[in-house]
Amino acid sequence: MVADLPHDLEWEILSRVPATSLKELQTTCKRWYALFRDPRFVKKNLSKAATHVIFDARSGYSVITEINTLIHSINLRGIRNSFDRSDIISHCDGLLLCDTYEYGRLVVWNPCTGQTRWIQANILVISNRYVLGYVNNKKSCNSYKILTFNSLLCLVDSSCARFEIYEFNSDSWRLLDDIHPDCCPISKGVTLKGNAYWFASDNKSKFILKFDFTRERFRRLSLPFQKNYDDQTVLLSVVREEKLALLQQWFDTDSSKMNIWVTKTKIDDDDKDLSWCNFLVVDFGKVILTSDALSYMSFFIDEEDKIVVCSD
C-alpha cells in the first residue's frame, strides 16, 4: 500500500509523475492534496519534468512537451472558461501570471493544479508591464513577487517612471522609492531563477537589464553584439531554466537576417556579467518578417539537440 511507504520515498516517487497527471491524483487523499500544493514539491517536480515551453501567439497559448519530438501539446485556452478574456503576461516556476482585463485584476494560475490567486492591480493603466519572480531563499520556500512599471512612460521619460512591487506574503503593493534603472525596458521580460531580464536602452547604449527580486535592485549586463540596427528586433528566452538566449533580427540591404546567442555558462545568483556564444545565424534572403509578426514571436532553444523553435 502507498500509505505504508516512508514519506521521503513517497515524495520521490510522486515527484516523478508528470504534472498533468498530478491534477487527477490530487483528490486521492488529503495528504496528497496538500503535498501537490507544497512549493518545495512543485519545484522538485518541475526539475524532473521533460522540457516544456510556453508559446505566446496571437491565436492563443500552448505548452509543448518533449520539444525534441513535438508530439505532445496542451492547449491553455481552458483558462478562458473562467475569464472572458485573458493574456499570459509572465510565467515563472510553473506559475502563469495573467491579465484578465476584469476591473484591473490579475490572476496567478497553476495550470497543473487549477489553483488561482486574484490580485488587484495597483494602477489601472493599459500600458503597464508586469513580470513575475521570486526571492531566492535556500532556507525556505520561494517568496513570490510581481514587478510592474508603465512602459509608455519609460519610453517618453524613463526618469519619471514608477516601479512597484507586489508581495504575495503581505498581499500588498509598494513603491520602489530609491530604486530606478534610468532606462527603458524594450523586450518582454523573462524570468530565470527568480530574477527578471529585459533587452533595454537609454539615450547612449543598449544592454540587458536585470532585476534581482531578492535584493530589489537593477543591474545592466552586456549584450552579445556590438552593432545595433534601427529596425532590429531583440527577444529573450530561457534555456532549460539555466541559461539566457537572445534573438536579434534585422534588415540588411535587401535581406532579413537573424542571430541567436546563448550564455556560455549557467546563470547563478551572483552579479557576474554575461558571457555569450553564437548559437545560430540565419539569412532569410528576401523573406520579410514584419515587425507585427516579430512583436508576438516566442522562441525556444534545445542546446543538446541543436533545435530552435519559433512561433509567431
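Read-outs: derived from the displayed coordinates by stated rules, not from any lab. Computed from a predicted model, the values in this text were never measured in an experiment. Glycine gets a Cβ as well: all are built from the backbone with ideal geometry, and neighbour counts include every protein chain shown.
Each peptide among 158-170, 194-206 gets the average number of other Cβ atoms lying within 10 Å of its residues, and from highest to lowest they stand as 194-206, 158-170.
With respect to the cross-link table entries LYS227/LYS306; LYS206/LYS264; LYS227/LYS272; LYS243/LYS272, which display a Cα-Cα separation exceeding 18 Å?
On the way: LYS227/LYS306 26 Å; LYS206/LYS264 20 Å; LYS227/LYS272 23 Å; LYS243/LYS272 13 Å.
Long pairs (Cα-Cα over 18 Å): LYS227/LYS306; LYS206/LYS264; LYS227/LYS272.
Listed highest first by mean packing, meaning other Cβ atoms within 10 Å per residue, what order do 30-36, 246-252 come in?
On the way: 30-36: 14.9, 246-252: 19.1.
With the highest mean Cβ count within 10 Å placed first, the list reads 246-252, 30-36.
Quick one: Cα centre-to-centre distance for the range 224-278 and the range 142-176, in angstrom? A separation of 25 Å, based on Cα centres.
Computed over the alpha carbons of the range 146-204, Rg followed by Dmax gives 12.1, 39 Å.
Given a Förster distance of 51 angstrom, what is the FRET efficiency for LYS227 paired with LEU175, based on the Cβ-Cβ distance and rounded to 0.05?
Numbers: r = 37 Å, r/R0 = 0.73.
The computed FRET efficiency comes out at 0.85.
The convex hull around the C-alpha trace of the range 224-273, projected and averaged over every direction, spans 4.2 square nanometres.
Multiplying the residue separation of ARG37 and LEU155 by 0.36 nm and subtracting their alpha-carbon distance yields 38.5 nm.
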